[in-house]
Amino acid sequence: MGYPRLGGEGGKGGDVWVVAHNRMTLKQLKDKYPQKRFVAGEGANSRVSALKGSKGKDCEIPVPVGVSVTDENGKIIGELNKEKDRLLVAEGGLGGKLLTNFLPLKGQKRVIHLDLKLIADIGLVGFPNAGKSSLLSKISHAKPAIADYAFTTIKPELGKIMYSDFKQISVADLPGLIEGAHMNKGMGHKFLKHIERTKQLLFVVDISGFQLSSQTHYRTAFETIILLSKELELYKEELHTKPALLAVNKMDLPDAQGKFHVLMNQLQNPKEFLHLFEKNMIPERTVEFQHIIPISAITGEGIDELKNCIRKSLDEHTNQENDAYHKKQLLNLHISNTVSYSEPPSKNAVSSPRMDIT
């Protein structure tokens, strides 16, 4: 409340914030706050001894890094991608003042949804049974379930590639895509939402092709790559802007070399083979792979080369990002200098050269 007689202002209500913490999990949040209700403190009344009432205590909701916050209509309020990131989700009401007839206003009240997406350097993309789990166990210390049937992976598995100079690169094996995943078939959106957070994509395909069941079409390795590209594009077009590598797996199988030669020819001249597909299966743009590496997750063939290519690709991408950032900073500095020199001095000002740095 405000204080009408002396024109005192009541304190503003506290705000509700979502704050990211590295050691937090959604399970811990659920266990600690089973009621899932968070209320900030009330502002203090204005009084003779304190005409300006103090602000109410803020309320902080601790969440894991990588959380996307949406409102009850599914609209994204914001994302928290690193430790200590903060997002205001409900604002406290104004304290009583002259404009409000000295009565306090109600604060915001809203329902929010927390959606956790995996953050990794590399995301493995492939249809079920392409050998992604076997590959992850070979290149990292992860121990995913491995079996000879589709959909071995039903939740994301995260591994780390360790290099001799102690560099670490995180790799996520995500549940296998199927045709129609963009429409939420199979693991659908559960898979695709995680792909958004990875820096680069590593396509993993079986050199012998893929068939989900006897009721579905058999797809060659080339068809598999085109269909994977289409699924990513239909879900979110920006996924095509991510740098991508291709690991052609199961090169230990008979006649794999011959099939690999055919595949390379198709990838070098994709437009010559797109007539084999129905129109709705062709992506707007075919993925250009930075590296194509033949491997065998069983025998270990090509694994070292793949690890080197992953690192090289990530390093190149980081360098490009750094160059772009420095160019932007220089441009801002140039604009700032131009503005500061072009402003006419006021009549009473003493003119001297100056440089504004933003």
query: Excluding ligands, DNA and RNA, what is the solvent-accessible area per residue of segment 45-103 at a probe of 1.4 Å, expressed in Å²?
result: 59 Å²
- line: Out of T70, V125, S46 - ranked by how far each Cα lies towards the positive end of the dipole of segment 1-144, with unit charges on the beta-carbon of charged residues - the top one is S46
message: Checking the a/c ratio against 1.5 first, then a/b against b/c, what shape does the Cα gyration tensor give for segment 59-145?
response: prolate
task: State, to one decimal in nm, how far the label point of E288 lies from the label point of E72, with both points 7 Å from Cα in the Cβ direction.
output: 4.8 nm
query: What's the carbon and sulfur percent of segment 224-336's accessible surface, probe 1.4 angstrom, rounded to a whole number?
result: 51 percent
statement: From highest to lowest solvent-accessible area (probe 1.4 Å; ligands, DNA and RNA excluded), K312, K109 read K109, K312
task: Just list whichever of K279/K307; K57/K84; K30/K242; K32/K160; K75/K109; K199/K307 have alpha carbons separated by over 26 Å in the model shown.
output: K279/K307; K30/K242; K32/K160
FRET efficiency, 1/(1 + (r/R0)^6) with R0 41 Å, evaluated for R37 and F260 via beta carbons: 0.10
- prompt: What is the distance, in nm, between label points placed 7 Å from the Cα along the Cα-to-Cβ direction at N280 and at R86?
  reply: 5.0 nm
- prompt: Heavy-atom accessible area per residue, segment 238-303, 1.4 Å probe: how many Å²?
  reply: 59 Å²
- request: Convert each backbone phi in segment 128-140 into a coupling constant with the Karplus relation 6.51 cos²θ - 1.76 cosθ + 1.60 (shift: θ = phi - 60°), then list the ³J(HN,Hα) values in order as whole Hz, x for Gly and Pro.
  value: x, 6, 7, x, 5, 5, 4, 5, 4, 5, 7, 9, 9
Computed label-point distance, nm, for sites D304 and R23 using a 7 Å Cα→Cβ extension: 4.0 nm
message: Quick check on segment 223-329: take the gyration tensor over C-alpha atoms, sort the square-rooted eigenvalues as a ≥ b ≥ c, and tell me if it's rounded (a/c under 1.5), prolate or oblate.
response: oblate
field: 3J(HN,Hα) from dihedral phi, segment 294-304, Karplus parametrisation 6.51/-1.76/1.60, rounded to Hz, x for glycine, proline
entry: x, 9, 9, 5, 7, 8, x, 4, x, 5, 5
query: Where does each of 283-292, 326-335 land if you order them by average Cβ count within 10 Å, highest first?
result: 283-292, 326-335
message: Using each residue's phi in segment 255-260, evaluate 6.51 cos²θ - 1.76 cosθ + 1.60 at θ = phi - 60° and report the 3J(HN,Hα) Karplus result to the nearest Hz, with x for Gly and Pro.
response: 6, 5, 4, x, 5, 5
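The values are calculated or read from the model by the stated rules, or taken from the named source; none is laboratory data. Not measured: the values here are computed from a predicted model. As a convention, Cβ positions derive from the backbone with ideal geometry for all residues, glycine included, and neighbour counts pool all protein chains shown. Ligands, DNA and RNA are excluded from the accessible area calculation, which covers all protein heavy atoms including side chains. Shrake-Rupley method; radii C 1.70, N 1.55, O 1.52, S 1.80 Å.
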